[in-house]
Amino acid sequence: MSFNLVLVNPEIPNNTGAIGRLCVNAGASLHIIKPIAFDIDEKAVRRAGLDYWDKLDLHIWESIDDFFLKNEITDNAYFATTKTNKPYFEVEFKENDFIFFGSETKGIPEEILNRYKSQNITIPMTKEGRSLNLAISTGIILYDAIRQNFNSFGET
């Protein structure tokens, strides 16, 4: 079983490193879409990912257009955002789905959210907060996708 986490223009190296470590442990692929606000080889990314970075199935894309040109995105993707009321646990994740997360300050570009409006998902929160940390958000949603498909977890 495998899922694809897609980070659109990540800005904080520690988050990206932690997400890389998460992907290795969950058997997921990590797609990073440029521009990236830091050098992917930065010490902070490696430190947050510890010794996992070399085990990561990592794909770097030059732009969002490049990603969409080379990956067929239909009903096989979900887009995490605070701009919807549809909770992530109401969708049925399938093996190899793409789960998109936007940058820490800007989120996923509005044009993409609008193009895939029915596939926008959110993590419910109280009115007191505006968003969760990116690494925490990826873990919450990825592990629900694994929970839904647990019978094939660990198979490659």
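Read-outs: derived from the displayed coordinates by stated rules, not from any lab. Predicted model, so just to flag it, every value in this text is computed and none were measured.
Here the sum of -39500 (n - 2.57) over DSSP H runs of 4 or more residues, divided by the residues of the chain, equals -9000 deg cm²/dmol at 222 nm, to the nearest 500. Here LYS55 is the anchor, and the lysines within straight C-alpha reach of less than 22 Å, apart from those fewer than 8 places off in the same chain, are LYS34, LYS43. Amide hydrogen proximity for VAL6: with H placed 1.01 Å from N in the peptide plane, the residues at 5 or more positions away or on another chain lying under 5 Å are HIS31, ILE99, PHE100, PHE101.
Within region 4-152, the ratio Rg/Rh, alpha carbon atoms throughout and Rh by Kirkwood, equals 0.93.
Rounded to the nearest 5, what % of DSSP beta bridges with both residues in the chain are antiparallel?
In the chain, approximately 5 percent of DSSP beta bridges are antiparallel ones.
Phi angles across region 79-86 convert, under the Karplus curve 6.51 cos²θ - 1.76 cosθ + 1.60 with θ = phi - 60°, into 3J(HN,Hα) values of 10, 6, 7, 8, 9, 8, 9, 7 Hz, Gly and Pro given as x.
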